[in-house]
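Novice: Quick one: this structure, given as structure tokens, is what I'll be asking you about.
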Amino acid sequence: MSSNIQQILPAAIKAGYLNKEQALAAFVDTGGVTQTISALHEAFPDHFEHTFAAKANTMVRALNLVKETGMGCEVASHGELEQALRAGFEPEKIVYDEPAKTKDILHKVLSNGIALNIDNFQEFERLESLVRETASQSRIGFRINPQIGAGSITAMSTATMSSKFGVALDDEGNRTALLDCYKANRWLRSIHTHIGSQGCSLDLMIAGIRKVVDLAEEINSAIGIQQIEVIDIGGGLPVNFDCDEVKPTFGDYAGELKRHVPELFSGKYTVKTEFGRSIFAKNGFIATRIEYTKNSGGRQIALSHAGVQIAARTVFMPDHWKIRLSVFDSAGQAKTGKEVLQDIAGPCCFAGDMIGTARNLPLIEPGDYVVLHDTGAYYFSNPYYYNSLPAPAVYGVDNLNGAAVNFTVWRQQQTLDQTLAVVG
Ligand SMILES: Cc1ncc(COP(=O)(O)O)c(C=O)c1O
């Protein structure tokens, strides 16, 4: 993406998409997204049906781009479902995951034939009558927590002993209860797990999936037919935020998975995936204009417009979500020269609103731009309204190898009135 940034940024400044009035904007390399999805499709056999985890970039334009590649969509709220439908996904290409599904949303999901992952036994009880009432054709199954432990970021780890997600497989009585549910209900045809998002090693992810595939095999053999036809293995492929290299790749993951869970590659099951971050993170970036610089207590500080409103995870958990920053001049050319230890601060009114501390970078000056790398997933698409700051503009960028870089507005920067209408 770095070379693309060097093409996109000067073009964006020249075209007026970044300037004094619009000092913050985000960009998605659309060709990069489609190439990433091609790599995903190439890494796995055809009976793998890939869905995109909409939470990673919920914008309808992003979802529409994904839809055009043939992927499905995993959604986790009524809002995301609506966005997926507006992006043009057929209901049968959508998977619904949400821990606290209301009866109304369950009714909508079932009536539309949307696949559903059940979080807990109480939700299952609600479903028993709803499935009959709606004569639903939805593909339905339990989400399982294989309880194999946390990755390096606890807040992103969904397979801990006491995780809030899914049915805890090893808790007393749960395995038998699951078996009984599947035995008594022929409409339970799938099973789901998602081990975590970022910070989980391939080994951890595969250990969790191994347990869930064993459970599927056990249930099918206890019933005597292959009632579970679909295994949804979730997303979670980690992203490398340290440099431009994509690692691990989808190919690395597929290779390891094949070695440890060959059943998924036999064709016996349809296998669903739900990748999010690995599709978008490296294909998007944020650029912020520097308003002022100063020196406090011996530390050089640049005051930017990118803070907690678009980089909440980095600001609140800087050790886990450190992102690469680069400096460009007012025309968008990469700055070189002697590096200086600097802090890059956001615009919000609390001391922790920093997008980078103690970074060695060429001296940042007012009017320069700082780029936040690998922020295409879970950053600008999920704005946060601290200090009533507007959601930034987002542009899709294509034709990077053609005569002129082409920008499409995915979202205009919010006006003051629009921001205040959201905040109330
Ligand atoms: C159920 C489920 N599936 C898929 C994902 C996507 O994970 P990632 O973006 O790490 O691929 C998430 C992320 O929170 C999730 O909760």
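Novice: Considering the options 346, 182, 88, tell which one lies farthest towards the positive end of the dipole of the chain, charges being +1 on Lys and Arg and -1 on Asp and Glu at the Cβ, about the Cα centre.
Specialist: Farthest towards the positive end: 346.
Novice: Among 44, 265, 89, 121, which comes first, second and so on when ranked by fewest other beta-carbon atoms within 10 Å?
Specialist: 121, 265, 44, 89
Novice: In the neighborhood of residue 236, defined by Cβ-to-Cβ distances under 9 Å, what is the net charge if each Lys or Arg adds +1 and each Asp or Glu adds -1?
Specialist: On the way: positive: 277; negative: 274.
Within the 9 Å Cβ shell, the charges total 0.
Novice: Taking K and R as +1 and D and E as -1, what net charge do the other residues with C-beta under 13 Å from the C-beta of residue 59 add up to?
Specialist: The answer is +3.
Novice: Right, something else. So in the chain, what percent of DSSP beta bridges are antiparallel if you round to the nearest 5?
Specialist: Numbers: 32 of 70 bridges.
Looking only at bridges with both residues in the chain, the antiparallel portion is about 45 percent.
Novice: Another question, if that's okay. Taking 0.36 nm per residue of sequence separation and subtracting the Cα-Cα distance, how much length would be gained by fully extending the chain between residue 416 and residue 133, in nm to one decimal? Walk me through the numbers on the way to the answer.
Specialist: Numbers: separation 283, 0.36 × 283 = 101.88 nm, distance 4.62 nm.
Full-extension gain reported as 97.3 nm.
Novice: Something else about it: Please check: in the Gaussian network model of the chain (C-alpha springs, under 10 Å), which one of 100, 403, 184 has the largest mean-square fluctuation.
Specialist: 403
Novice: Moving on. Going down the table (164/247; 55/272; 55/103; 103/183; 103/211), which pairs top 20 Å between alpha carbons? Let's see the in-between values first.
Specialist: Details: 164/247 29 Å; 55/272 17 Å; 55/103 22 Å; 103/183 24 Å; 103/211 30 Å.
Pairs exceeding 20 Å: 164/247; 55/103; 103/183; 103/211.
Novice: Which of these, 397, 371, 405, has the largest mean-square fluctuation under a Gaussian network model of the chain (Cα springs below 10 Å)?
Specialist: For the chain, modelled as a Gaussian network with Cα springs under 10 Å, the answer is 405.
Novice: Now, a different point. Which value in Å does the Kirkwood hydrodynamic radius of region 31-281 take, with 1/r averaged over all unlike C-alpha pairs and then inverted?
Specialist: When all Cα pairs of region 31-281 are included, the Kirkwood radius is 18.2 Å.
Novice: What is the extension gain from residue 105 to residue 263, computed as 0.36 nm multiplied by their sequence separation minus the C-alpha to C-alpha distance, in nm to one decimal? Display every interim value, and only then the final one.
Specialist: Working: separation 158, 0.36 × 158 = 56.88 nm, distance 3.34 nm.
Difference between extended and current length: 53.5 nm.
Novice: If a paramagnetic tag sat 7 Å from the Cα of residue 92 along the Cα-Cβ line, which residues of region 127-147 would have the backbone N under 13 Å from that point?
Specialist: 137-139
Novice: Next question, about the same structure. Checking a compactness column here: for region 44-157, what do you get for Rg(Cα) / (2.2 N^0.38 Å), N being the number of residues?
Specialist: Values: Rg = 14.8 Å, N = 114, 2.2 N^0.38 = 13.3 Å.
This ratio for region 44-157 stands at 1.11.
Novice: While we're looking at this one, here's another question. For region 349-407, just the Cα atoms, rotate onto the principal axes and tell me the three extents in Å, largest first.
Specialist: Answer, in whole Å and largest first: 44, 31, 21 Å.
Novice: Cross-link candidates for residue 14: which aspartates and glutamates have Cα within less than 20 Å, leaving aside residues fewer than 8 places away along the same chain?
Specialist: Hits, sequence-local ones excluded: 29, 291, 329, 365, 368, 398.
Novice: Ok, one more. Below 13 angstrom from the Cβ of residue 311, what's the summed charge of the other residues (Lys, Arg +1; Asp, Glu -1)?
Specialist: Local net charge: +1.
Novice: Next up: If you line up the Cα atoms of the chain on their principal axes, what length do they span on each, largest first, in Å?
Specialist: Rounded to whole Å, the extents work out to 70, 44, 41 Å.
Novice: Additional query: What are the equivalent ellipsoid semi-axes of region 30-71, built from the alpha-carbon gyration tensor (square roots of five times its eigenvalues), in whole angstrom, biggest first?
Specialist: 18, 12, 8
Novice: Fewest to most neighbouring Cβ within 10 Å: what's the order for 348, 73? Let's see the in-between values first.
Specialist: On the way: 348 17, 73 26.
Fewest-to-most Cβ neighbours within 10 Å comes out as 348, 73.
Novice: Continuing with the same structure: Taking neighbour counts of Cβ atoms within 10 Å as a proxy for exposure, in what order, fewest first, do 388, 330, 296, 136 appear?
Specialist: Taking fewest neighbouring Cβ atoms as first place, the list is 296, 388, 330, 136.
Novice: Ok, one more. Run down the lysines and flag those whose C-alpha is under 26 Å from the C-alpha of residue 20, throwing out any fewer than 8 positions away in its chain.
Specialist: Correct list for residue 20: 294, 335.
The numbers here are math on the coordinates, done by the rules we state, and not lab data. What you are looking at is a predicted structure, and each value in this text was computed from that prediction instead of being measured. A quick note on method: Cβ atoms are made from the backbone with ideal geometry, for glycine too, and the neighbour counts reach across all protein chains shown.
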